[in-house]
Amino acid sequence: MKTKIQEKFKTLFGEEGTLYMSSGRINLIGEHTDYNGGYVFPGAINFGVMAAINPNGTDKVKVFSIDFDEFVEFGLQEEDKPQQQWARYIFGVCRETIKRGGKVAGFNAVFAGDVPLGAGLSSSAALESVFAFAINEINGNGIEKFELARIGQSTEHNYCGVKCGIMDQFASIFGKEGSLIRLNCKTGEYKYFPFHPKGYRVVLLDTCVKHELASSAYNKRRESCERAAAAIRANHPEVEFLSDAKRLWLDEVRDQIPQEDFLRAEFVIGEVQRVLDVCDALERDDYETVGEMMYQTHFGLSRLYEVSCEELDFLNKLARKCDVTGSRVMGGGFGGCTINLVKEELYDAFIATAVKEFAAKFGHEPKIYDVVISDGARKL
Ligand code: ADP
Ligand code: MG
């Protein structure tokens, strides 16, 4: 990737560019907890976006996407917003930097990536983060890292029409090799935990399906959580978000809220505890407990939160059958990937079985991504 990028940079701009890189992410556990003020537990991965960037002494940005084989040039005023979706991510990052008082001098860039687009590994955060990081450094803006993540998040909100949380950009910016990061979505506090699953592999199985339900179902889940939190708050005013509630407090209001809201809340409160349990387990190098928690999360997402689908449940069941240590749907649900923690010696058999049986049932093979927890945004 490096050579390809530099060759193109030379052809277009007559020199070599300074190289930067940022990463996609996984989330080991902590799903649908972000908007409930709970924990998420992501890490950056060995799939990313790499960019060569040099200032060009103009007030224009000239950028070439290798993967889209397309050149775009834009100015830095609000009205200069480019047509191409991929370029809007970069434009947005420039604009959001400027909005925060940062300087953005015109630059030349060539970039490419290997994060699969739209598979739930957050290629968009990788793209935003590499440019947010590089622009900050090149211009000597001194914007702190958390704010760089917010620049990416605001880019999605204001220039790409995606109302996302902070997790993806946070992981992409803060990611560290061999570490997962527990982020408290309410306070912004975070802590690194060791993740060295010796003897195991982490593999994603991509169902390659995306069911339509996703966005309306998402809103309904949020409303359920808010209703449950409000009912609990009547007894326990300190409950700002659902994640502040104890399980017992939920039981107190069982008869006052719809059964559906109860189940949603039961999942969320359990999930917040599971993140904490997984962190404890990691400090003991206890990957069997980590795996068991992943299965519990899948069960909760499937039966209580009801955001799984046939394809995902099929892969999860298959993982159990193949003695995979942990497996669950990753991300919002209704499609996308399962994340699996599998012993080295069982890996080949698991993948072979999963590919064969999934294809036989659904008519297409799942895609396989082997992931390793890696560094996030950086200069190369
Ligand atoms: P994801 O779940 O992967 O973040 P999104 O739909 O949020 O999916 O973001 C994908 C979009 O990000 C792509 O359509 C493209 O505009 C942009 N993008 C991501 N990676 C690249 C890349 N390597 N080259 C160009 N654009 C990219
Ligand atoms: Mg995205």
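Tell me, which residue of the stretch 117-137 that is within 15 Å of ligand 2 (Cβ to nearest atom), at pLDDT 95 or above and more than 11 Å from the chain's Cα centre (by Cα) is nearest to D67 (Cα to Cα)?
L127
Take L282 and decide whether it is surrounded by 23 or more Cβ atoms within 10 Å (Cβ to Cβ) and within 23 Å of the chain's Cα centre (by Cα).
Details: surrounded by 23 or more Cβ atoms within 10 Å (Cβ to Cβ): no; within 23 Å of the chain's Cα centre (by Cα): yes.
In short, no.
Identify, by number, the condition in (1) surrounded by fewer than 24 Cβ atoms within 10 Å (Cβ to Cβ); (2) within 22 Å of S374 (Cβ to Cβ); (3) touching a Phe, Trp or Tyr at 6+ places or on another chain (Cβ under 7 Å) that A51 doesn't meet.
Result: A51 passes all but (1).
Within the stretch 152-174, track down each residue that is farther than 20 Å from I26 by Cα and in contact with a Ser or Thr (Cβ under 8 Å, 6 or more places away or on another chain). Before you say what the answer is, go through the steps one by one.
Kept after step one, since they are farther than 20 Å from I26 by Cα, are these residues of the stretch 152-174: 154-155, 157-161.
C160 - this is the single residue of the stretch 152-174 that is farther than 20 Å from I26 by Cα and in contact with a Ser or Thr (Cβ under 8 Å, 6 or more places away or on another chain).
Under 7 Å by Cβ, and 6 or more places apart or on different chains, what pairs join a residue from the stretch 162-183 that is acidic (D, E) with one that is part of a strand (DSSP E or B)?
D168/R25; E177/I373
Would you check if I135 is more than 30 Å from C337 (Cβ to Cβ), in contact with a helix residue (DSSP H, G or I) (Cβ under 6 Å, 6 or more places away or on another chain) and crowded, with 24+ Cβ neighbours inside 10 Å? Can you show your working first?
Numbers: more than 30 Å from C337 (Cβ to Cβ): yes; in contact with a helix residue (DSSP H, G or I) (Cβ under 6 Å, 6 or more places away or on another chain): yes; crowded, with 24+ Cβ neighbours inside 10 Å: yes.
So I135 passes the test.
Could you check how many residues of the stretch 336-351 are surrounded by fewer than 23 Cβ atoms within 10 Å (Cβ to Cβ) and not hydrophobic (A, V, I, L, M, F, W, C)?
Residues that pass the stated criteria total 5.
Considering only the stretch 103-115, state which residues are in contact with a helix residue (DSSP H, G or I) (Cβ under 7 Å, 6 or more places away or on another chain) and under 17 Å from V372 (Cβ atoms).
G113, V115
Conditions tested, residue by residue: (1) of a type in the set (D, E, K, R); (2) assigned to a helix (DSSP H, G or I); (3) within 27 Å of C337 (Cβ to Cβ); (4) under 22 Å from the mean Cα position of the chain (by Cα).
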position	(1), (2), (3), (4)
E238	yes, no, no, no
F262	no, yes, no, no
Q273	no, yes, yes, yes
T297	no, yes, yes, yes
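If you scan the stretch 148-175, which residues turn out to be crowded, with 17+ Cβ neighbours inside 10 Å and not hydrophobic (A, V, I, L, M, F, W, C)?
Those that are crowded, with 17+ Cβ neighbours inside 10 Å and not hydrophobic (A, V, I, L, M, F, W, C): R150, G152, Q153, S154, T155, E156, Y159, D168, Q169, S172, G175.
Could you figure out which of (1) of a type outside the set (A, V, I, L, M, F, W, C); (2) out of contact with any Asp or Glu (no Cβ under 7 Å at 6 or more places or on another chain); (3) surrounded by 17 or more Cβ atoms within 10 Å (Cβ to Cβ); (4) within 26 Å of A214 (Cα to Cα) isn't true of P366?
(2)
Listed residues V49, V61; which is farther than 30 Å from C185 by Cα and in contact with a helix residue (DSSP H, G or I) (Cβ under 8 Å, 6 or more places away or on another chain)?
Values: V49 fails: farther than 30 Å from C185 by Cα.
The match here is V61.
Restricting attention to the stretch 246-260, which residues are outside any helix (DSSP H, G or I) and surrounded by fewer than 18 Cβ atoms within 10 Å (Cβ to Cβ)? Give the derivation first.
Going residue by residue through the stretch 246-260, those that are outside any helix (DSSP H, G or I) are 246, 253, 257-258.
Matches in the stretch 246-260: K246, P258.
If only one of A354, A319 is out of contact with any helix residue (DSSP H, G or I) (no Cβ under 6 Å at 6 or more places or on another chain), crowded, with 24+ Cβ neighbours inside 10 Å and outside any strand (DSSP E or B), which one is it?
Working: A354 fails: out of contact with any helix residue (DSSP H, G or I) (no Cβ under 6 Å at 6 or more places or on another chain).
Residue meeting the stated conditions: A319.
Hey, among G165, G175, G161, G199, which residue is within 21 Å of Y287 (Cα to Cα) and within 16 Å of ligand 1 (Cβ to nearest atom)?
Numbers: G165 fails: within 21 Å of Y287 (Cα to Cα); G161 fails: within 21 Å of Y287 (Cα to Cα); G199 fails: within 16 Å of ligand 1 (Cβ to nearest atom).
When all the criteria are applied, what remains is G175.
All but one of (1) surrounded by 15 or more Cβ atoms within 10 Å (Cβ to Cβ); (2) touching a helix residue (DSSP H, G or I) at 6+ places or on another chain (Cβ under 8 Å); (3) at pLDDT 95 or above hold for G199; which doesn't?
It is condition (1) that G199 fails.
The values are calculated or read from the model by the stated rules, or taken from the named source; none is laboratory data. Just so it is clear, the model here is predicted, and its values are computed rather than measured. Glycine gets a Cβ as well: all are built from the backbone with ideal geometry, and neighbour counts include every protein chain shown.
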